[in-house]
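Worksheet for the structure shown next.
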Amino acid sequence: MPLPRGREVELVRGGTGGHGGAVNMAALWRLLGRAVAQSARGDAWVLGTSSGERAQALRSLEAPDFALPDQDGRLHTLSEHRGKKVLLVTWASW
């Protein structure tokens, strides 16, 4: 995707004329209309989906497929249970 004119400066850090610098991924992600979040220390970042993609997922009311092991180590996918009610309980010690 070509960058809009005049926006290159905010997307590149360091270097001259946009050469040799690092891409500012947060600025690029925002330019694409996607959500960005970072930890308080700035050492962890999440680049999210666009509001349109989130709205489409909510309209379909269908969760993305994933696989998790049971207590015996057998993998189960969410898609195995399509059309059924599923309760997923999670817990973490930390």
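Each reported figure results from applying straightforward, stated rules to the coordinates on display, with no laboratory input. Everything quoted here is computed from the prediction, not taken from an experiment. We place every Cβ from the backbone using ideal geometry, glycine too, and count neighbours over all the protein chains shown.
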³J(HN,Hα) computed for each position of the range 45-53 - Karplus, 6.51 cos²θ - 1.76 cosθ + 1.60, integer Hz, glycine/proline x: 10, 10, 9, x, 7, 6, 4, x, 5
16 Å cut-off, amide nitrogen to a point 7 angstrom out along Trp91 Cα→Cβ, residues in the range 35-74: 70-72
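Can you check what the net charge comes to around Leu47, using other residues whose Cβ is under 11 Å from the Cβ of Leu47 (Lys, Arg +1; Asp, Glu -1)? Could you put the intermediate results ahead of the total?
Details: positive: Arg30, Arg34; negative: none.
Its environment carries a net charge of +2.
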Which far-off residues, 5 or more places away or on another chain, put their amide H under 5 Å from the one on Asn24, with H placed in the peptide plane? Val12, Arg13
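Taking the highest mean first, how do the peptides 24-36, 60-72 order by number of other beta carbon atoms within 10 angstrom per residue? Mind showing how you got there, number by number?
Numbers: 24-36: 14.6, 60-72: 8.6.
Final packing ranking: 24-36, 60-72.
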